[in-house]
Amino acid sequence: MKKSSAKSSVITKLILTMPVLSGIMWGSGGIFVRRFDALGMDNFTMLFTRIIVAVALLGAGLFFYDRSLLKIRPKDLWVFLGGGVLGMFGINLTYNEAIKHGTLALASVLLSMSPLFVVTFSVLFFHEKMTLQKGVCMTVALLGCVLVSRVLESGAGADLSPIAVGCGIGSAFFYALYSIFSKAAMERGYHALTITFYCLLASLLALIPGTNWGLIGVTIEKGGSLMPLFMLAHSLVTSALPYVFYTSSLSFIDAGTASILAASEPAAAMLFGFLVFSEEPTLLSVSGLILTTAAIIVLGRSQSQSS
């Protein structure tokens with residue numbers, strides 16, 4: 001009995017670690033984005049090289065694991081197109097631009113504010129009640145974002161890029177759309193991995209017209225012999241592995257708990273920004289990060305309990 005209990009405890013810890021690892025991996029995205037940007041790779045091409053590997057790996061995995069997960073009904077195609085084009089495609093483009101023009105912490109914190117848009121959409125279109133708790137959480141999260149942006153600090157506000165803020169808010173908006181389309185797909189009986197795969201595939205198709213094929217070879221040539229491995233790591237670390245870890249955890253824990261554990265992303269982004277790009281955080285920016293993360297966690301928990 002003791003061995004069984006100990007084994008169960010280890011498995012539980014591993015499951016709870018999976019969303020945390022996903023958040024950390026997503027938080028590392030700025031390292032890759034800025035490296036590719038320095039080599040002259042545009043946003044569309046950068047995202048294409050990232051997502052095509054993720055689609056190939058996830059598709060192969062589903063094919064050998066359970067082919068039934070690859071089946072979708074033609075009448076539900078709009079859900080996956082919406083989640084892929086209006087969701088993932090929009091998220092990735094705006095988030096990358098936010099990283100290019102601002103700090104990693106600011107881009108990640110603004111992205112994590114997607115629950116605020118979900119709550120707003122729910123109130124406006126689905127007639128859900130705006131409770132006092134939701135209102136307080138949204139206000140605290142916004143205050144935290146202001147602190148992370150450092151706009152209140154002497155001299156720091158002048159360096160704040162409107163593009164970074166606008167794109168960061170845009171990424172949260174598109175993430176909220178992805179959440180809504182994903183929920184619609186789940187209500188139609190689709191598995192989380194099926195939703196992830198087809199949304200990634202739809203976003204990949206949307207990227208094709210803007211992809212500069214010749215630039216891929218030029219980037220590999222400029223980046224040296226290790227660049228193909230760097231591109232592979234970009235796809236695995238920021239797309240394939242975190243999605244697999246996160247969606248796999250949903251088979252054992254509820255979505256609210258998973259999203260709370262994945263809130264490690266903004267903290268990870270701030271840490272990577274400090275270690276790799278010398279983006280030294282201030283007391284106010286760290287306080288803002290804590291405020292926003294705490295507010296989003298409470299908001300996510302309340303949304304999970306009400307659904």
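Mind counting the residues in segment 188-201 that are within 24 Å of residue 41 (Cα to Cα) and surrounded by fewer than 22 Cβ atoms within 10 Å (Cβ to Cβ)?
Total meeting the criteria: 1.
Of all residues in segment 263-283 being over 26 Å from residue 119 (Cβ atoms) and of a type in the set (A, V, I, L, M), which is farthest from the chain's Cα centre (by Cα)?
Filtering segment 263-283 down to residues over 26 Å from residue 119 (Cβ atoms) leaves 271-283.
Next cut, of a type in the set (A, V, I, L, M) only: 271, 275-276, 283.
Numbers: 271: 17, 275: 21, 276: 20, 283: 25 Å.
Taking the candidates together, the pick is 283.
Under 6 Å by Cβ, and 6 or more places apart or on different chains, what pairs join a residue from segment 278-302 that is in contact (Cβ under 8 Å) with a residue 24 or more places away in the chain and farther than 22 Å from residue 128 by Cα with one that is outside any helix (DSSP H, G or I) and among the hydroxyl-bearing types (Ser, Thr, Tyr)?
279/103
Please pick out the residue among 30, 59 that is under 17 Å from the mean Cα position of the chain (by Cα) and either part of a helix (DSSP H, G or I) or of a type in the set (S, T, N, Q) (or both). Show your work before the answer.
On the way: 59 fails: under 17 Å from the mean Cα position of the chain (by Cα).
Exactly one residue qualifies, and that residue is 30.
Select from segment 120-141 the residues that are part of a helix (DSSP H, G or I), at pLDDT below 80 and surrounded by fewer than 16 Cβ atoms within 10 Å (Cβ to Cβ) and list them in ascending order.
123, 124, 125
For segment 187-242, what are the residues that are among the β-branched types (Val, Ile, Thr) and in contact with a helix residue (DSSP H, G or I) (Cβ under 9 Å, 6 or more places away or on another chain)? Steps first, answer last, please.
Here is the first cut: in segment 187-242, the residues among the β-branched types (Val, Ile, Thr) are 194-196, 208, 211, 216, 218-220, 237-238.
Residues satisfying the conditions are 194, 195, 196, 208, 211, 216, 219, 220, 237, 238.
Results for (1) closer than 25 Å to residue 117 by Cβ; (2) surrounded by fewer than 20 Cβ atoms within 10 Å (Cβ to Cβ); (3) modelled with pLDDT of 90 or more, shown as yes or no for each residue.
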site	(1), (2), (3)
228	no, yes, yes
233	no, yes, yes
245	yes, no, no
251	no, yes, no
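Check off (1) at pLDDT 90 or above; (2) buried (at least 20 other Cβ atoms within 10 Å of the Cβ) for residue 185 and give me the number that stays unchecked.
Checking residue 185 against (1) at pLDDT 90 or above; (2) buried (at least 20 other Cβ atoms within 10 Å of the Cβ), the one that fails is (1).
Every residue, every condition in (1) part of a helix (DSSP H, G or I); (2) touching a residue at least 60 places away in the same chain (Cβ under 8 Å), yes or no:
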residue: 208; (1), (2): yes, yes
residue: 214; (1), (2): yes, no
residue: 219; (1), (2): yes, yes
residue: 233; (1), (2): yes, yes
residue: 237; (1), (2): yes, yes
residue: 241; (1), (2): yes, yes
residue: 246; (1), (2): yes, yes
residue: 252; (1), (2): no, yes
residue: 270; (1), (2): yes, yes
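Out of all the residues in segment 210-221, is one or more touching a Phe, Trp or Tyr at 6+ places or on another chain (Cβ under 8 Å), under 28 Å from residue 74 (Cβ atoms), at pLDDT 90 or above and not charged (D, E, K, R)?
Yes: segment 210-221 contains one or more residues that are touching a Phe, Trp or Tyr at 6+ places or on another chain (Cβ under 8 Å), under 28 Å from residue 74 (Cβ atoms), at pLDDT 90 or above and not charged (D, E, K, R).
Name every residue in segment 62-79 that is among the aliphatic types (A, V, I, L, M) and either surrounded by fewer than 12 Cβ atoms within 10 Å (Cβ to Cβ) or outside any helix (DSSP H, G or I) (or both), in order of residue number. Before the answer, list the steps.
The initial filter retains those residues of segment 62-79 that are among the aliphatic types (A, V, I, L, M), namely 62, 69-70, 72, 77, 79.
Matches in segment 62-79: 72 only.
Quick one: what pairs do we get from segment 115-142, first residue free of Cβ contacts under 8 Å to residues at least 40 places away in the same chain and of a type in the set (Val, Ile, Thr), second part of a loop (DSSP other than H, G, I, E, B) and surrounded by fewer than 20 Cβ atoms within 10 Å (Cβ to Cβ), C-beta under 7 Å, 6+ apart or different chains?
Matching pairs, first to second residue: 123/130.
Here are some conditions: (1) farther than 25 Å from residue 35 by Cα; (2) in contact with a Phe, Trp or Tyr (Cβ under 6 Å, 6 or more places away or on another chain); (3) buried (at least 24 other Cβ atoms within 10 Å of the Cβ). Residue 113 meets all but one. Which one does it not meet?
Result: residue 113 fails condition (2) only.
The values are calculated or read from the model by the stated rules, or taken from the named source; none is laboratory data. Just so you know, these numbers come straight off a predicted model, no measurement behind them. Using ideal geometry, Cβ is built from the backbone for each residue, glycine included, and neighbour counts are taken over all protein chains shown.
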